[in-house]
Ligand SMILES: [Zn+2]
């Protein structure tokens, strides 16, 4: 059990060793009540609010443009943190935005623009189709594999397995797979579950940063170069038209460097005029020229706020030479 005073002291001590050039970038996806989604990707609003309170108390939460400018001048507060939320689901506006405002904080929202136009992303089609499939449909056949959907549990695990399989297909193949799925389940009634243009404008006007996250959320490494470039460019242009300001930051979908995107995509992002781009690889964001277009992020998974804060403070240090010993311990969760 870590007491409040112990926490305060430990985080303060650790923050003394922080850098003036690098900062932690938290990466959230969903904030919503009663979720069936994988727990690490979705937080209940009360827990997110609690994390915001602790972040405010122990760290310097900066907007991305602010952190970026200060780090390039090596003037960052040593305990700097930036909040980012990927994809653009409706809970960004319904829960994240009001909670940030309540706490006087800002964040960056990376938006996949297909969701703005359609109201959902490809993965929502899979889950809705299976959830709404008539009870006489007992299984789905896809690429020679049979996915059982004859109970609530099997529906849940088949949604997860099919989503994982279809995620690693190029966008065109994904569409074919989803058509094959819908031929078996019937057309589901789609619920609108994405932010809309109006909400994005409100968020931008209230000081939130809007970033691009492609159109269809593809694994860029699986697309041909023209298609990959179009995905990146089009999301930037669409978002700029909506908010009436330049989109400076980009986040790669899925985001693992050398697996989901490569140096060729880094070059595209640079050429398209972005200032910097984010991966989902774990670490700190260091704004050195050679790292600008694959900045790392890190989100502690601890539900206990004291542990959350300690892990975040350690993350800020873990890439520094004297603290490398902590690296695997702090970020052990991902490699295990
Ligand atoms: Zn994403």
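The values are calculated or read from the model by the stated rules, or taken from the named source; none is laboratory data. These numbers come from a predicted model, not from an experiment. Glycine gets a Cβ as well: all are built from the backbone with ideal geometry, and neighbour counts include every protein chain shown.
Out of all the residues in region 31-45, is one or more away from the ligand (no atom under 16 Å from the Cβ), buried (at least 18 other Cβ atoms within 10 Å of the Cβ), part of a helix (DSSP H, G or I) and in the same structural domain as residue 314 (by TED's automatic domain parsing)?
Within region 31-45, not a single residue is away from the ligand (no atom under 16 Å from the Cβ), buried (at least 18 other Cβ atoms within 10 Å of the Cβ), part of a helix (DSSP H, G or I) and in the same structural domain as residue 314 (by TED's automatic domain parsing).
Any residue that is at positive phi and either free of Cβ contacts under 8 Å to residues at least 40 places away in the same chain or assigned by TED's automatic domain parsing to the domain that holds residue 309 (or both) - is there at least one of those in region 218-234? Can you show your working first?
Looking only at region 218-234, we keep the residues that are at positive phi, and these are none.
The answer is no; no qualifying residue exists.
If you check 100, 52, 76, 70, which single one turns out to be buried (at least 17 other Cβ atoms within 10 Å of the Cβ) and in a loop (DSSP other than H, G, I, E, B)? Don't jump to the end; show me each part of the working.
Details: 100 fails: in a loop (DSSP other than H, G, I, E, B); 52 fails: in a loop (DSSP other than H, G, I, E, B); 70 fails: in a loop (DSSP other than H, G, I, E, B).
Only one candidate passes the filter, namely 76.
Which fully enclosed helices (runs of 4 or more DSSP H) of region 108-198 have 3 or more residues being away from the ligand (no atom under 16 Å from the Cβ) and in contact (Cβ under 8 Å) with a residue 12 or more places away in the chain?
Working: elements: 114-118, 122-131, 152-167, 171-185.
So the answer is 122-131, 152-167, 171-185.
This table checks each residue for (1) under 21 Å from the mean Cα position of the chain (by Cα); (2) farther than 22 Å from residue 34 by Cα.
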residue	(1), (2)
106	yes, yes
111	yes, yes
122	yes, no
138	no, yes
142	no, yes
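Identify, from the list 247, 210, the residue that is over 16 Å from the mean Cα position of the chain (by Cα), within 16 Å of the ligand (Cβ to nearest atom) and surrounded by 20 or more Cβ atoms within 10 Å (Cβ to Cβ). Write out each step before concluding.
Numbers: 210 fails: over 16 Å from the mean Cα position of the chain (by Cα).
Unique residue meeting the criteria: 247.
Got a number for residues in region 55-64 being closer than 12 Å to residue 107 by Cβ and assigned to a helix (DSSP H, G or I)?
So in region 55-64, the residues closer than 12 Å to residue 107 by Cβ come out as 55, 61-64.
Retained after the next criterion (residues that are assigned to a helix (DSSP H, G or I)): 55, 64.
Result for region 55-64: 2.
Considering only region 144-171, state which residues are closer than 16 Å to residue 216 by Cα and exposed (fewer than 13 other Cβ atoms within 10 Å of the Cβ).
Result: 164, single match.
Those residues that are within 16 Å of the ligand (Cβ to nearest atom), in contact with a helix residue (DSSP H, G or I) (Cβ under 7 Å, 6 or more places away or on another chain) and assigned to a loop (DSSP other than H, G, I, E, B), I need them from region 79-97; list them, please.
The answer is 88, and nothing else.
How many residues are surrounded by fewer than 23 Cβ atoms within 10 Å (Cβ to Cβ) and within 16 Å of the ligand (Cβ to nearest atom) if we restrict to region 217-227? Give the steps one after another, and end with the answer.
If we filter region 217-227 for residues that are surrounded by fewer than 23 Cβ atoms within 10 Å (Cβ to Cβ), which is where we start, we get 219, 221-227.
Checking the rest, the ones that are also within 16 Å of the ligand (Cβ to nearest atom) come to 219, 221-223.
Number satisfying all stated conditions: 4.
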